[in-house]
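Reviewing the structure listed below.
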Ligand SMILES: [Zn+2]
């Protein structure tokens, strides 16, 4: 089941949708802008369901035929725009699935909803083809653009939509959600929530992925030892790390959580503020042996490594430089 009540965070956006529904002031086009995993699809689903729900009081009732149809993925008046090519939404996709379809009245609801996920993949031609439609849409039409990069949408498109920017969700809320919904122990939930930095999808991914847990265990073993490792051992560790090459950005984010903990411990000596509370002995050791300057160098090296990997600089070289900086500081 989907509903506004199942979403954590994004209170303002939900409020906006609910009052638009209640006051019959629904706009024809919305852009939901936020990074992957931030909750765009959840919001779009909850809104679409409330739009087609027969009760029509600002949220879905979960009782009516429309709600049941929606939950089974078969509501005829809610359309997810698909695309032939994996990396682009072309002009034909838009014409066939939106422009030619939107003129047909809704089958059973007051509204007809089109959801364009990954709208940043729309070509310029596709966006231009949509312009007229979002300029003069039929009364019942609602188009939802979901995107992680607002800038890719043409100004002419953006100016005709209500733009909703998703904000990061409170870490404590995410932690509690993971404990309740996924029965995670509080230690694990805290790590996932901290790592996710306000992104609920990321937190859930981490909480439920075996691969991710393995990666984290590998990394913790490495970080506990790296200061005492010889260069040849570091090279061997980097070799082992290639198993996680696809997730290297996550790995670096986790390293940042670790060294942020070291910094917090150095500055406050307060274990309760740490993400990796159970590892405080190791964190303490690093907090004592490193200076603020040294820890700052490590944080900078982590940022730099991220940039280098984004620019496709050699993986082994980047990681070697990073680990040596960690060791030397
Ligand atoms: Zn309903």
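For residues that are closer than 13 Å to residue 141 by Cβ, over 27 Å from the mean Cα position of the chain (by Cα) and touching a residue at least 12 places away in the same chain (Cβ under 8 Å), tally how many sit in the range 83-104.
4
Hey, can you tell me all the residues within the range 197-211 that are buried (at least 20 other Cβ atoms within 10 Å of the Cβ) and in a helix (DSSP H, G or I)?
200, 202, 203, 206, 207 - these are the residues of the range 197-211 that are buried (at least 20 other Cβ atoms within 10 Å of the Cβ) and in a helix (DSSP H, G or I).
Could you list, in sequence order, all residues of the range 72-95 that are surrounded by fewer than 18 Cβ atoms within 10 Å (Cβ to Cβ) and either within 10 Å of the ligand (Cβ to nearest atom) or not in a helix (DSSP H, G or I) (or both)?
Those that are surrounded by fewer than 18 Cβ atoms within 10 Å (Cβ to Cβ) and either within 10 Å of the ligand (Cβ to nearest atom) or not in a helix (DSSP H, G or I) (or both): 72, 73, 74, 76, 80, 82, 84, 85, 86, 87, 88, 90.
Given 109, 27, which one is modelled with pLDDT of 95 or more, within 16 Å of the ligand (Cβ to nearest atom) and more than 23 Å from the chain's Cα centre (by Cα)?
Unique residue meeting the criteria: 109.
Which residues, counting only those in the range 21-40, are in a helix (DSSP H, G or I) and surrounded by fewer than 19 Cβ atoms within 10 Å (Cβ to Cβ)?
Of everything in the range 21-40, just one residue is in a helix (DSSP H, G or I) and surrounded by fewer than 19 Cβ atoms within 10 Å (Cβ to Cβ), namely 22.
Please name all residue pairs, on different chains or six or more residues apart, with Cβ atoms under 7 Å, provided the first residue is in the range 139-158 and is more than 17 Å from residue 99 (Cβ to Cβ) and the second residue is surrounded by fewer than 16 Cβ atoms within 10 Å (Cβ to Cβ) and modelled with pLDDT under 95.
The qualifying pairs are 148/36.
For the range 173-190, does any single residue satisfy the condition of being touching a strand residue (DSSP E or B) at 6+ places or on another chain (Cβ under 8 Å), at positive phi and outside any helix (DSSP H, G or I)?
No; the residues of the range 173-190 include none that is touching a strand residue (DSSP E or B) at 6+ places or on another chain (Cβ under 8 Å), at positive phi and outside any helix (DSSP H, G or I).
From 157, 152, which residue is at pLDDT 95 or above, buried (at least 19 other Cβ atoms within 10 Å of the Cβ) and touching a helix residue (DSSP H, G or I) at 6+ places or on another chain (Cβ under 7 Å)?
Selected residue: 157, the only one of 157, 152 that is at pLDDT 95 or above, buried (at least 19 other Cβ atoms within 10 Å of the Cβ) and touching a helix residue (DSSP H, G or I) at 6+ places or on another chain (Cβ under 7 Å).
Is it true that some residue in the range 44-66 is in contact with a helix residue (DSSP H, G or I) (Cβ under 8 Å, 6 or more places away or on another chain), closer than 23 Å to residue 201 by Cα, away from the ligand (no atom under 15 Å from the Cβ) and at pLDDT 95 or above?
Looking through the range 44-66, none of the residues is in contact with a helix residue (DSSP H, G or I) (Cβ under 8 Å, 6 or more places away or on another chain), closer than 23 Å to residue 201 by Cα, away from the ligand (no atom under 15 Å from the Cβ) and at pLDDT 95 or above.
Checking the conditions here, which among 281, 286 is over 31 Å from the mean Cα position of the chain (by Cα) and crowded, with 17+ Cβ neighbours inside 10 Å?
286 is the lone residue from the list that is over 31 Å from the mean Cα position of the chain (by Cα) and crowded, with 17+ Cβ neighbours inside 10 Å.
Can residue 116 be described as surrounded by 19 or more Cβ atoms within 10 Å (Cβ to Cβ), within 27 Å of residue 69 (Cα to Cα) and under 26 Å from the mean Cα position of the chain (by Cα)?
It is true that residue 116 is surrounded by 19 or more Cβ atoms within 10 Å (Cβ to Cβ), within 27 Å of residue 69 (Cα to Cα) and under 26 Å from the mean Cα position of the chain (by Cα).
The values are calculated or read from the model by the stated rules, or taken from the named source; none is laboratory data. All figures in this text were calculated on a predicted structure; none of them were measured in a lab. Cβ sites come from the backbone with ideal geometry, for glycine too, and all protein chains shown count toward neighbours.
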